[in-house]
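Working notes, structure below.
Any read-out appearing in this document is the output of simple, stated calculations on the displayed coordinates, not a laboratory observation. On a predicted model such as this, the values are computed, not experimentally measured, just so you know. Every residue, glycine among them, receives a Cβ derived from its backbone with ideal geometry; neighbour counts consider all protein chains shown.
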Amino acid sequence: MTAGTHPAKASPPQGDPIPYRERVEDLRHILVQQGSLGLLLIDTSALAQIEHQYGSSAFEKVMAMARDLVLELRGHEVRGDDLICLNDRGGDAFLVFFSPKRREGPLKIADLKSAAERVEGHLNCKLLRLASPYLGTLRRVTVGFSLSFYNPLVMPERLVSRLVEEAWACVHVQRAQRDLQNRCDLQEVLLADQLTTVFQPIVELRRREVLGYEALSRGPAGSVYQMPLRLFELAAEADLVFELDRKCRRRALASAGPLPAAAKLFINVFPSAMYDPEFQGAALMRLVEGQGLCPERVVLEITEKSAIENYDLFAEALGELVRSGFSIAVDDVGAGYSGLEKIAHLNPRYLKFDRELIRNIDSSYIRREMTRALKAFADRIGSTIIAEGIEREGELATLLELGIEYGQGFLLGRPAAAFLPPALLPAGTSVG
């Protein structure tokens, strides 16, 4: 629910929060009786991304979930008679004003801080599950806190307004501290070289021969950096994508020694890699050959989105790499059905079809027809298709019917540090 959705009621029930400015008289009584007023501000503005991506209906649905979770705090993380209100700034926050008569004695700053930490942890844990259909990863809810003393010389409205402003300031400080801590933590991961590389096989679907392995980066096990999606999201927030990408490339090349001699090495690269002096000319050759590889064995994966942005400079840099012997793969094809003409101009050796296009393709006419159309496009530009995310035999059978040559996914082999030789494997045998 957002501020202004319903008209204010004279005596709002506990389960129907209204803008806090309509509760000023109640808050004044608490200030007079208690001598102070404590506040938790639950900032839900990070969820606004849902509205921009999925529309107001989805946003209101998630905000209703958030409201219910906040109301569930009563009797657990907060007292049953604490006042729960809406911020009057478009409903982007919930306010919890602490009620009087607390048996523990006078309210302390330490009490507010502890309550804020408990509420933040509780809400983020719950919202991670509830908002997952709309957000790949949760944009954290932040809980700020503040305390105001009663001052008979100042109007209650001003005291409460200042209390809310200070709680917002607390939210901003906490975010800045968290961002700084995340940046420092990720810098420690990079400095200590705590990245590891696992390899997932890319397989010829009919004969089950291994074409190559995609290098996939992982952060320290058990940390928030372990999974690659979250690792690069945090790097983007900390403005460390270039540094992380560089480390991942080096680690992938250094870890490729056990690969079978005929297997290709697929490495994901960000657009900024094209302008890295280490990734150009003689320096790149030394880097690759120093690991016992040759350019003809290395395939550089770029996303469809990356292929389109800064196209002219990007295509020029890729052209130099191709002339040096490297191959190009365009990743995530089918995630966005645009830019195909520009992709064709890159002359990619491989097109990797997005896993969302492949998922349940055996039961989806639309996905089969999209794949058929993209297959015709790939044939026209002389590219080889690699279908990603194959997890079921039904998907594999459909891809074979559509003439898709290569694939990758859990059905064919999970990411691992050990390899099987690229020998002929019986149909139905998992690789890796």
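Calculated from DSSP H runs of 4 or more alone, at -39500 (n - 2.57) each and per residue, what is the 222 nm mean residue ellipticity of the chain, nearest 500?
Taken over the chain, the calculation gives -13000 deg cm²/dmol.
Applying the Karplus parametrisation 6.51 cos²θ - 1.76 cosθ + 1.60 with θ = phi - 60° to the phi angles of the stretch 196-204, what ³J(HN,Hα) value in whole Hz is obtained for each residue in order, glycine and proline being reported as x?
10, 10, 10, 10, 10, x, 10, 10, 6
Quick one: which of 75-84, 37-46 comes out on top by average Cβ neighbours within 10 Å, and what's the full order, highest first?
The densest-packed peptide leads the list: 37-46, 75-84.
Kindly put Leu191, Leu69 in sequence by how many other C-beta atoms sit within 10 Å of each C-beta, fewest to most.
Leu191, Leu69
Take the alpha carbon atoms of the stretch 341-367, find their center, do the same for the stretch 188-213, and report the distance between the two centers in whole angstrom.
If you average the Cα positions of each part, the centres end up 21 Å apart.
Taking the beta-carbon count within 10 Å as an exposure proxy, list Arg208, Arg129, Arg249 from fewest neighbours to most.
Ordered by Cβ neighbours within 10 Å, fewest first: Arg129, Arg208, Arg249.
What percent do you get for the relative contact order of the stretch 20-180 when only Cα pairs under 8 Å and 6+ apart count?
35
Using only Cα atoms, locate the centre of the stretch 46-85 and the centre of the stretch 165-179, then give the distance between them in Å, rounded to an integer.
20
Treating each Cα of the chain as an identical point scatterer and ignoring solvent, apply the Debye formula and state log10 I(q)/I(0) at q = 0.07, 0.09 Å⁻¹.
The Cα Debye sum returns log10 ratios of -0.49, -0.72.
Taking the chain as a Gaussian network, where each spring joins two C-alpha atoms under 10 Å apart, which residue of Ile366, Ile385, Ile18 fluctuates the most?
Evaluated over the chain, the most mobile residue of the options is Ile366.
Treating the angle as unsigned and between 0 and 90°, give the value, to the nearest 10°, between the Cα long axis of helix 24-34 and the longest Cα principal axis of the chain.
Long axis of 24-34 versus the principal axis of the chain: about 70 degrees.
Full extension from Asp379 to Lys342: what is 0.36 nm times the residue separation minus their Cα-Cα distance, to one decimal in nm?
11.7 nm
Can you figure out the FRET efficiency of Arg250 with Gln49, using R₀ = 35 Å and their beta-carbon distance, to the nearest 0.05?
In this case the efficiency is close to 0.60.
Taking Cα atoms of the stretch 20-180, Rg/Rh with Kirkwood Rh, to two decimals?
Using only Cα positions, Rg/Rh for the stretch 20-180 is 0.98.
Please rank Asp26, Asp88, fewest neighbouring Cβ atoms within 10 Å first, as an exposure proxy.
Going from least to most buried by this count: Asp26, Asp88.
Could you give the spread of the C-alpha atoms of the stretch 193-407 along their three principal axes, from largest to smallest, in whole angstroms?
45, 41, 37
Below 8 Å, C-alpha to C-alpha, sequence gap of six or more: please give me the relative contact order for the chain in percent.
Relative contact order for the chain comes out at 13 percent.
Answer with one residue from Cys184, Val160, Thr196: the one whose Cα lies farthest towards the positive end of the charge dipole of the stretch 129-206, charges on Cβ with Lys, Arg +1 and Asp, Glu -1.
Val160
I'd like the orientation of helix 228-237 relative to the chain: the angle between its Cα long axis and the longest Cα principal axis, in ° from 0 to 90, rounded to 10.
Relative to the chain, helix 228-237 is tipped by roughly 60 degrees.
What is the gain in length, in nm to one decimal, between Leu153 and Phe242 on full extension, counting 0.36 nm per residue of separation less the C-alpha to C-alpha distance?
26.5 nm
Given labels modelled 7 Å from the Cα in the Cβ direction, how far is it in nm from Glu72 to Tyr275?
4.7
Using only Cα atoms, tell me the angle between helix 156-191 and the longest principal axis of the chain; keep it within 0 to 90° and round to the nearest 10.
That helix lies at roughly 30 degrees to the long axis.
Arrange the peptides 226-236, 171-181 so that the one whose residues have, on average, the most other Cβ atoms within 10 Å appears first.
My ranking of the peptides, most packed first, is 226-236, 171-181.
Taking amide hydrogens as modeled 1.01 Å from N in the peptide plane, which residues meet the under 5 Å criterion relative to Leu211, leaving out close sequence neighbours?
Ile202, Val203, Glu204
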